Every structure is written in C-alpha cells, then in structure tokens.
1. Starting at the first residue of the stretch 121-126, write each ³J(HN,Hα) from the Karplus equation 6.51 cos²θ - 1.76 cosθ + 1.60 with θ = phi - 60°, in whole Hz, x for Gly and Pro.
2. Per 0.36 nm of contour for each residue apart, how much would the distance between Asn224 and Thr165 grow if the chain were fully extended, relative to their Cα-Cα spacing?
3. Residue by residue through the stretch 19-33, what is 3J(HN,Hα) from phi via Karplus (6.51 cos²θ - 1.76 cosθ + 1.60, θ = phi - 60°)? Round to whole Hz and write x for glycine and proline.
4. Would you please give the residues with an amide H less than 5 Å from that of Leu172, counting only those at least 5 places away or on a separate chain, with H modeled from the backbone geometry?
5. Any idea which of Ala123, Gln62, Pro31 is furthest toward the positive side of the dipole for the chain, if Lys and Arg beta-carbons carry +1 and Asp and Glu beta-carbons -1?
6. What per residue convex hull volume, in Å³, do the alpha-carbon atoms of the chain yield?
7. If packing is taken as the average number of other Cβ atoms within 10 Å across a peptide's residues, how do 58-67, 42-51 rank, most packed first?
8. How do Lys178, Lys142, Lys20 rank when sorted from fewest to most other Cβ atoms within 10 Å of their own Cβ?
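Every number in this text was worked out from the coordinates using simple rules, so none of it is lab data. Keep in mind that this is a model prediction, so the values were computed, not measured. Note: ideal-geometry Cβ built from the backbone for every residue, glycine included; neighbour counts use all protein chains shown.
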Amino acid sequence: MLAILSPSCHHKSENANRIKPILADLQIQNPYMGSPDPAVYLDKGQALGDLVTVNIKLRAGQAPIAFDAFSLEFTYNFRLVQIGDVFDVNPDVLGSCNAGLVCDPLCLTNAAQANQGFTVDAAGRAHFVMGVSARSGCPIAKTGRCKDINMTTCTMDSDCPLGETCDTGAGLCKATNKACALDSECVSGESCVPVADTTLVTLAFIAATTIESPPGSRIELFTNPDTSKHGDCEILRNVAEVLVGGRPIPCVDGNAFMTTSR
C-alpha cells in the first residue's frame, strides 16, 4: 500500500507539467510595397512572447500631407486575440497623449469594451476604434520637412539662410527640419520635402489562446463601406477626410493574420 501511495522519482519526472508558453506572430500575406501612395498601412513590429506590436504608418511619398486628426478601426475575433490597452502614439505627429502639456492631443479608444465583446458585429467580430485629434489652436501634423536642397556651403551661421545654422565640421548649412506641407512654410533657400513614411501609432495584439494555423485569426484594418459614417480608418482635417486627387486616403492591411506556436 505504501508503495502505491508513494510514486517513484522516475515516474514523477515523466509526468512533470511542461506546457510551453504561447508564441505569437503576425503574418502579413501581402506586405505593403509602396502602392497605393498615399495610404495607411500595417508594418509588423516585434514579436514578444504572446504579444506582437504593429506599427500603423502613413505613406505620403508624392507630396506632404497636413492633418489634425486620425481614426483607426480594427475588426478581430476577441476570443482569440486581444488588443493592448496601452498604445504608443508617435509624439512627432500630433504630440504625446499623456505628456501633461497644454497641446497634448485628445486620444480615445474602446479597447476594454472591444476585448470583452461589447462591440461585436453580426459576424461576431469585435470592432476596436481609436481616435487621436489635435486640440483647438494647437499645431497640426505635417508630413513634410524643410530641407536645404541647395546644400549651401558655409563657414559661419551668417552664410546660411535665415533660421539655419552652419555645421562647421561639414561646411554645410543645417536645415531647420521644420514640419511643413508647402514650400512657403520654409525659410528662403529651403524646400518642403515629403517624409515618405510616418508612424502614426504602435499597437499591441495579444494572443488570448492558441490559434489554429494556417491561416490564423484575421486582423482587419476596417474601412466602413458606408462613407457617411465615421469611426473607420481615416486621415482628417477640420472633421473632414483629407482628399488627395479628389479621393480619401485608402487603408490597406495586407491581409494580416495572427498566428501562434508553442
């Protein structure tokens, strides 16, 4: 009887609980390759255990874009995937959400409600919505930067266009690098050069459980088919969508899927 109640060390070792942790990944089946331009698109960040970060970026390679707000909407299976309630808004765009400054942008999300399934549609998919907006009277976002395209040579600051300084080591004037949308916003001798890719925000997607793959669990950057409704993926100015060539800026997710392994 004592032998039955006291298993051997060898038997105990064989039955040790060795469950491996979940390792998450994001598969973007059709990665953004620069077209369309402009566009809002997904760029995979880091995979950290059961969490994957995703950079949502704005491509504006043809000409700078000015905007004072943006909104994003993702649909996902909340039983398999959760969205982190901590997000990293790029402070160079509209400012930092929680810096405690007068011009901190307004930043809102429904992450808690979406993760609990309170925002599901008829197909059972949760809708995560976030919005970031400049406050009235505060600077707006501009994806251009003032550059000295003439490569002005110098030995002192007075040799440079007003507002620039002389990099005496290189013998060249340092551009102001001021945010701009038009050449007229730059000092004389500079031009407004588009910054091709601007990160708007970095989000975290978390695997709530194991996910069968392929294909995995779809994560969709949602664009509302009803153009009269807001809350989807939009780049905005004065509450209206920014138009380029008479059209809103499209949003593409590259057919993204969350996957897991152990």
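1. With coefficients 6.51, -1.76 and 1.60, one gets 9, 5, 8, x, 9, 6 Hz.
2. Numbers: separation 59, 0.36 × 59 = 21.24 nm, distance 4.74 nm.
Full-extension gain reported as 16.5 nm.
3. Computed from phi, the couplings for the stretch 19-33 are 5, 7, x, 6, 10, 9, 8, 10, 9, 9, 5, 10, x, 5, 10 Hz.
4. Cys154, Asp167
5. Ala123
6. Details: hull volume 58.4 nm³, N = 262.
It comes to 223 Å³ per residue, whole-number rounded.
7. Numbers: 58-67: 20.1, 42-51: 15.4.
Listed from highest to lowest mean packing, they are 58-67, 42-51.
8. Values: Lys178 16, Lys142 23, Lys20 7.
Ordered by Cβ neighbours within 10 Å, fewest first: Lys20, Lys178, Lys142.
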